[in-house]
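A.B. asks: My structure is below; once you've seen it, I'll send some questions.
No lab work stands behind these numbers, since they all come straight from the coordinates. None of these values were measured; they are calculated from a predicted model. Here Cβ is always computed from backbone atoms with ideal geometry, including for glycine, and neighbour counts include all displayed protein chains.
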Amino acid sequence: MHKTDDSRPVLIIGAGLSGLALGRLLTNNDIANIVFEASPPERSQGFAISMHERIAMHCGPGLPTAGTTSWMCVMDIDSRASRVRSQVLPHIVPEVVPVVVYHGEFEVSRDEYDRYMRPVIGNANILAGVGDGFNTLITVCNITKTRVHLDWSYSRPACGENDRLFNDKKLEDQTREPPQALLDELSSRQLAEPWARYINPETIRQHSVFHWISRCVFMPTADALQAAQAGVVFIGDSWHAMPIFGGEGSNHTLVDSTELAAAMVKEAAVDRAVAVYYQGAARRCPEAVRRSRSRFYVLHRPMAEWREIAEKRRVKAALKQQME
Ligand SMILES: Cc1cc2nc3c(=O)[nH]c(=O)nc-3n(C[C@H](O)[C@H](O)[C@H](O)COP(=O)(O)OP(=O)(O)OC[C@H]3O[C@@H](n4cnc5c(N)ncnc54)[C@H](O)[C@@H]3O)c2cc1C
């Protein structure tokens with residue numbers, strides 16, 4: 001087993017899934033690395049999932065400029081805040097997918113959860129909700145004996161130029177008061193229980209609501225290799241961000257980390273390790289971004305199509321039963 005002969009640490013920018021996984025794999029193989037994270041350590045989700053007890057970690061501002069202190073600066077910054085990518089490859093601009101996604105967070109008592117949610121969600125932590133061209137999803141983020149932290153999302157494809165929720169000129173992710181257009185739209189949806197109880201115009205005013213812009217990043221391999229010459233290697237969403245509905249982001253993120261670490265362990269020369277990594281990743285990632293972009297529309301189809309699918313499944317199951 002080889003290891004690169006340069007003993008300077010790999011700088012990993014971003015303690016998301018990819019950064020933490022890479023940090024852990026490199027550490028396991030005695031390759032020095034430091035993970036930098038912009039968010040404070042008390043953040044409730046993300047790197048707080050805590051795989052970092054054996055990883056050198058630096059939180060907060062004061063990050064190094066790409067490529068100044070190490071032979072390699074690996075980054076996994078998310079697509080919208082990818083400062084390193086926009087410095088090294090300014091022409092790679094994320095594509096905004098014409099979809100509407102709002103997200104809200106809230107808490108309920110454990111008693112309330114057991115009464116209204118538990119009978120429907122059981123032991124799962126995601127309650128899918130499919131409507132006529134839209135989705136409402138409720139996720140359990142954290143559950144204790146007394147409180148339950150949940151989030152919801154409301155999503156649909158954008159509908160043309162007059163879409164009040166998509167053609168918001170402030171195309172930025174932001175936390176803010178839910179817009180009136182969203183409240184009006186939710187009122188008209190006639191959601192079933194328990195969605196109606198939590199995702200309605202009155203209750204969501206009390207939630208922390210986030211307007212989510214879905215972005216895709218497509219990065220040609222030639223650009224990625226050019227950035228590698230400047231000491232920057234991309235893993236995770238920074239170079240293949242994709243919509244989260246039906247997305248494969250975390251899978252590819254973990255495969256990136258695994259393959260890059262394996263190449264760095266195996267190859268003596270860093271540039272060779274990076275080339276081997278991109279050779280594999282370039283075959284899977286751009287296609288995954290395209291697949292996930294089109295899956296958004298599949299998951300937000302009209303109710304008539306869902307019914308057709310359900311009917312076909314019912315007929316197929318009945319036929320199978322007859323044959324047995
Ligand atoms: C609600 C939601 C649901 C999802 N569901 C799925 C799913 O079902 N299946 C699936 O495959 N994928 C899913 N994904 C996508 C998946 O979570 C991402 O693809 C994955 O987390 C990407 O990991 P990453 O490490 O590349 O980026 P991130 O997890 O975004 O981590 C990037 C980290 O870098 C930090 N950072 C940013 N800028 C800087 C900076 N300048 N300096 C230092 N640190 C910085 C950020 O704070 C963050 O911690 C979902 C995503 C979300 C948000």
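A.B. asks: Kindly put His91, His207 in sequence by how many other C-beta atoms sit within 10 Å of each C-beta, fewest to most.
C.D. replies: The order, fewest Cβ neighbours first, is His91, His207.
A.B. asks: Related question: Using only Cα positions of the stretch 226-324, each an equal point scatterer, no hydration layer, compute I(q)/I(0) via Debye at q = 0.19, 0.24 Å⁻¹ and quote the log10 values to two decimals.
C.D. replies: For the stretch 226-324 at q = 0.19, 0.24 Å⁻¹, log10 I(q)/I(0) is -0.90, -1.16.
A.B. asks: Run the dipole for the stretch 98-212 about the Cα centre, Lys and Arg Cβ at +1, Asp and Glu Cβ at -1, nothing else charged, and hand back the magnitude in debye, nearest 20.
C.D. replies: 280
A.B. asks: So for the pair Gln321, Trp306, with labels modelled 7 Å out along Cα→Cβ, what separation do we get in nm?
C.D. replies: Placing both labels 7 Å beyond Cα along the Cβ direction yields 2.3 nm.
A.B. asks: Ok, one more. With 10 angstrom as the radius, rank Leu182, Leu299 by how many other C-beta atoms surround their C-beta, starting from the fewest.
C.D. replies: Leu299, Leu182
A.B. asks: Calculate, for Arg283 and Ala158, the FRET efficiency according to 1/(1 + (r/R0)^6) with r their C-beta to C-beta distance and R0 30 Å; round to the nearest 0.05.
C.D. replies: The computed FRET efficiency comes out at 0.45.
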